[in-house]
Amino acid sequence: MKLDDKLFLVRFNTDKLNHIKIKDPNVCLKQCEDKPCTRFCPAHVYDWDEEEKRISVGYEGCLECGTCLIGCPFGNIDWKYPRGGFGVSWKNG
Amino acid sequence: MENFDVIVVGGGPAGLSAALSAAKAGMKTVVIERGDYPGTKNVMGGILYTKATDMVVPEFWKEAPLERPIIEQRIAMLSGDESIMAGYRDPAWGVEPFNAHSILRVKFDSWLAKQAEKAGVLILTETLVEDLLYQDDRVVGVRTGRAEGDLGAKVVIIAEGVNNFLAVKAGLAKPLKPQAVAVTVKEVIALPKEKIEDRFCLDEGQGATIELYGDSTAGLMGVGFIYTNKESISIGVGAILDPMIRNNWTPNDLLENLKSKPYVKRLLQGGETKEYLAHLIPEGGYTSVPKLHRQGVLVVGDTAMLMNSLNREGSNLAMISGKIAGEVAAQTIKTGDVSDQAMTVYETRLRDSFVLKDLHHYRHMGMFFEKNEHLLKTYPKLLSQAAKMYLSADGTPKKARQKEIIKMAFEHRSKLGLIKDVYGAWRALL
């Protein structure tokens with residue numbers, strides 16, 4: 001089963017405010033060759049945009065696990081919880 | 001600013017247990033929860049242990065939304081398409097006083113929150129706590145994301161879960177490291193109850209668990225799991241973040257890898273995936289436990305890294321730590337002394353209980369597995385080859401076959417290596 005199909009099953013109360021920021025896009029471009037965030041995020045929130053030469057962040061699909069905050073080798077992801085009442089809302093848990 | 005005796009940050013098992021015990025001791029208590037209601041942000045595998053839960057809500061099984069009492073626990077080691085299994089079954093675990101149940105956290109946590117409300121706890125939902133409030137060096141409440149959202153308290157109990165933002169800000173904990181967390185993903189897959197009971201050989205209503213090692217995590221340090229719910233199966237896989245990154249795995253690919261194993265595939269056949277979930281599990285063990293208290297503050301549950309992964313126990317450690325914290329908060333407030341010194345009672349009581357005793361007992365385990373990444377690659381393969389050779393009736397005399405097995409084992413691992421592994425495991429686990 002494809003990840004996109006699985007994410008389609010998740011219930012979100014999407015905030016218009018983005019709760020994730022890349023601190024310095026230059027770090028992704030110049031220092032981070034491997035870009036592990038594009039793999040370790042269980043929701044594939046992070047994707048390398050080859051045209052724009054930056055990590056694109058699909059914060060709307062964030063499952064709020066916190067992996068990115070710990071996994072980014074440059075500590076370059078500023079990940080917080082969404083505002084109260086927003087974000088993922090599990091049906092089963 | 002509204003004032004409380006006790007503010008609990010986070011409505012999971014640890015926070016709700018803390019609030020319940022504080023309220024029962026007469027404290028004006030609020031739980032601040034960022035979700036729409038306690039449960040909607042919460043994920044675990046999910047096994048709930050009877051004894052610990054009973055200490056928080058006596059005879060909870062008569063009312064609580066539980067899935068199935070666990071009467072059988074299996075361990076499987078996967079090697080390619082092959083598997084080796086061991087298990088323990090006792091139908092007596094299917095009736096009172098039980099040992100453990102499978103649960104789904106959205107249902108269970110919301111029920112637990114209602115018990116807290118009945119005991120007088122206020123549940124403030126859709127509210128994110130952003131920081132603690134200080135007066136000089138004293139913690140006097142919390143700052144929430146709401147307008148004019150400051151709330152005062154004599155004691156704040158931090159039950160924010162594995163992502164320990166507040167505990168770090170308060171100088172109690174350190175930011176988590178990729179070696180100390182397991183990234184875990186899970187699917188809840190709907191299946192008719194008759195199918196579940198047939199496939200797992202269960203009587204009506206009974207439940208079973210399977211933990212899977214080896215190729216279930218593609219040899220990464222971690223574990224796969226399958227738990228039976230009433231009309232669904234929870235299947236998941238967790239692996240330590242650091243090796244997952246180094247080996248270029250994505251969590252969902254690991255889960256799909258597990259689901260594709262012949263033995264697993266057959267159990268799930270015909271099921272329909274209802275939800276895909278992700279969560280971090282604190283795996284740092286004893287040495288990662290933060291400072292558990294300061295003046296006016298206690299740290300509980302996952303935030304305190306109270307997780308015994310070998311025995312797959314976490315919810316019970318969370319609930320007991322919460323219960324004790326609620327009691328200590330009430331006791332210190334009543335005596336009018338919430339100093340750091342007075343709060344040490346909490347740590348002492350955790351040390352006297354199984355919670356910190358078990359973590360201390362397994363204190364070498366994390367390092368042992370971290371330094372021996374071959375274990376979950378070598379041994380599942382070695383053991384299944386040994387089993388296959390032993391069980392193959394191909395005309396080879398048994399004495400010669402046994403010699404072949406020993407020879408094969410030493411091809412996988414040198415004599416010295418085997419001795420080192422056994423000694424290391426003995427030291428780490430016993």
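The values are calculated or read from the model by the stated rules, or taken from the named source; none is laboratory data. As the structure is a computational prediction, the values presented were derived from the model and not from experiment. Cβ: placed from backbone, ideal geometry, glycine included. Neighbour counts: every protein chain shown.
Of the residues that make up region B:83-92, is at least one in a strand (DSSP E or B) and under 21 Å from the mean Cα position of the chain (by Cα)?
yes
So is B:Leu48 within 14 Å of chain A (Cβ to nearest Cβ), assigned to a strand (DSSP E or B) and within 30 Å of B:Ile196 (Cα to Cα) or not?
Here the answer is yes, as B:Leu48 does meet what is asked.
Restricting attention to region B:323-334, does a residue exist that is farther than 22 Å from B:Val168 by Cα and polar (S, T, N, Q)?
Yes.
Which residue is nearest to the chain's Cα centre (by Cα), if the candidates are limited to region B:169-184 and must be part of a loop (DSSP other than H, G, I, E, B) and surrounded by fewer than 17 Cβ atoms within 10 Å (Cβ to Cβ)?
B:Lys177
Please verify whether region B:394-416 includes one or more residues that are more than 20 Å from B:Val289 (Cβ to Cβ), touching a residue at least 24 places away in the same chain (Cβ under 8 Å), touching a strand residue (DSSP E or B) at 6+ places or on another chain (Cβ under 7 Å) and part of a helix (DSSP H, G or I).
No, region B:394-416 contains no residue that is more than 20 Å from B:Val289 (Cβ to Cβ), touching a residue at least 24 places away in the same chain (Cβ under 8 Å), touching a strand residue (DSSP E or B) at 6+ places or on another chain (Cβ under 7 Å) and part of a helix (DSSP H, G or I).
Among the residues of region B:237-262, count how many are part of a helix (DSSP H, G or I) and either closer than 30 Å to B:Leu202 by Cβ or at the interface with chain A (Cβ under 8 Å from one of its Cβ atoms) (or both).
The qualifying residues number 12.
If you scan region B:99-127, which residues turn out to be away from every other protein chain (no Cβ under 14 Å), buried (at least 21 other Cβ atoms within 10 Å of the Cβ) and either under 19 Å from the mean Cα position of the chain (by Cα) or assigned to a helix (DSSP H, G or I) (or both)?
B:Ala100, B:His101, B:Ala116
Tally time: how many residues in region B:307-343 are without any contact (Cβ under 8 Å) to a residue 60 or more places away in the chain, under 18 Å from B:Ile158 (Cβ atoms) and not in a helix (DSSP H, G or I)?
2
So if I check each of A:Lys35, A:Lys21, A:Lys91, which one is facing chain B (nearest Cβ under 7 Å), surrounded by fewer than 18 Cβ atoms within 10 Å (Cβ to Cβ) and in contact (Cβ under 8 Å) with a residue 12 or more places away in the chain?
None of the others qualify; the one that does is A:Lys91.
Conditions: (1) within 12 Å of chain B (Cβ to nearest Cβ); (2) within 14 Å of the chain's Cα centre (by Cα). A:Val57 meets all but one. Number of the miss?
The single condition A:Val57 does not satisfy is (1).
Would you point out which residue out of B:Lys274, B:Lys265 is farther than 30 Å from A:Ile70 by Cα, surrounded by fewer than 23 Cβ atoms within 10 Å (Cβ to Cβ) and either in contact (Cβ under 8 Å) with a residue 12 or more places away in the chain or more than 12 Å from chain A (Cβ to nearest Cβ) (or both)?
None of the others qualify; the one that does is B:Lys265.
All but one of (1) over 24 Å from the mean Cα position of the chain (by Cα); (2) assigned by TED's automatic domain parsing to the domain that holds B:Glu272 hold for B:Glu187; which doesn't?
(1)
Name the residues in region B:132-157 that are without any contact (Cβ under 8 Å) to a residue 60 or more places away in the chain and at negative phi, would you?
B:Leu133, B:Tyr134, B:Gln135, B:Arg143, B:Gly145, B:Arg146, B:Ala147, B:Gly149
Can you work out which of the residues in region B:128-161 that are more than 31 Å from the chain's Cα centre (by Cα) and acidic (Asp, Glu) is surrounded by the fewest Cβ atoms within 10 Å (Cβ to Cβ)?
Here the answer is B:Asp136.
Looking only at region B:344-366, how many residues end up being free of Cβ contacts under 8 Å to residues at least 60 places away in the same chain and assigned to a helix (DSSP H, G or I)?
Qualifying residue count for the region: 14.
I need the full set of residues from region B:279-305 which are under 24 Å from B:Leu429 (Cβ atoms) and of a type in the set (D, E, K, R), in order please.
Passing the criteria: B:Glu283, B:Asp302.
Please determine, by comparing only the residues of region B:25-44 that are in contact with a helix residue (DSSP H, G or I) (Cβ under 6 Å, 6 or more places away or on another chain) and part of a strand (DSSP E or B), which one is nearest to the other protein chains (Cβ to nearest Cβ).
Filtering first and then ranking leaves B:Val31.
Only one of these conditions is not met by A:Asp78: (1) among the acidic types (Asp, Glu); (2) on the phi < 0 side of the Ramachandran plot; (3) surrounded by 18 or more Cβ atoms within 10 Å (Cβ to Cβ). Which number is it?
Answer for A:Asp78: the failing condition is (3).
Could you list, in sequence order, the residues of region B:194-219 that are of a type in the set (D, E, K, R) and closer than 14 Å to B:Ser232 by Cβ?
Those that are of a type in the set (D, E, K, R) and closer than 14 Å to B:Ser232 by Cβ: B:Glu194, B:Lys195, B:Glu197, B:Arg199.
Given (1) closer than 23 Å to B:Val162 by Cα; (2) within 14 Å of chain A (Cβ to nearest Cβ); (3) assigned to a loop (DSSP other than H, G, I, E, B); (4) not basic (Lys, Arg), where does B:Pro290 come up short, assuming only one miss?
So the condition that B:Pro290 fails would be (2).
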